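Any read-out appearing in this document is the output of simple, stated calculations on the displayed coordinates, not a laboratory observation. Predicted model only: the values in this text are computed from it and were never measured. Here the Cβ is made from the backbone with ideal geometry for all residues, glycine too, and neighbour counts use every protein chain on show.
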Amino acid sequence: MDLRPAVMADAEAIRQIYNIEVIGSTATLDLVPRTAEEQAKWMVAHSGVYPVIVADDGGEVVGFASLSPYRPRPGYATAVEDSIYVAEQRRGTGIGRTLLSEAVVCPQPRISLRRRSRRRRPGGLGRAPSSLWLRPRRHRA
C-alpha cells in the first residue's frame, strides 16, 4: 500500500468511501451524499494548503485523509481539522492509523505541529487533537 497526494482521478473513489458514511452513520454530519460535481469542487478546495492523501493499494483507493480549515475566524488561520475515511472492507487493517500519521506531517515543511487536547485518541495514537495548530518554524541563524 502506498500513500500519495490525491489527484482528480481519485475523486470518484473518495466520493464512494465518503458517501457510505453519509448514508450509514452520523460521522460526517452531512445529510445527503455528495454528487460527482460536489466532489470535484471539494477536490479543488483541498488541492493547496489543505491536502488530501490517499491510501492506494495496487491502484485502488482504500482510504483517504484530508485537512480542512478549523474555523473561518482569523485567529484560527493556522488550525486545521483532520478527517480520515477507510473503505468499509479494509477497516481494522491499520490504514486509518497510517493515514493519520501522514496527514499530521503533511503540511509544508516550513510548518510544525503542536497538539492541543487532553483526550486520548484510540489505537495508541497518543493525545487526540481537538484541532491541530500549525505555526511557522523558527529558523536559527
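Counting other C-beta atoms within 10 Å, and keeping those with at most 10, which DSSP coil trypsin sites (Lys or Arg not before Pro) do you find in region 1-72? For trypsin sites (Lys or Arg not before Pro) across region 1-72 that sit outside H, G, I, E and B with at most 10 neighbouring Cβ atoms in 10 Å, the list is empty. Shown here for region 57-97: trypsin sites (Lys or Arg not before Pro) in loop regions (DSSP other than H, G, I, E, B) with at most 13 other Cβ atoms within 10 Å, namely Arg91. Averaging Cα coordinates gives a centre for region 45-78 and one for region 1-36; these two points are 12 Å apart. Model label sites at Tyr50 and Ile20, defined 7 Å from Cα along the beta-carbon direction, differ in position by 2.4 nm.
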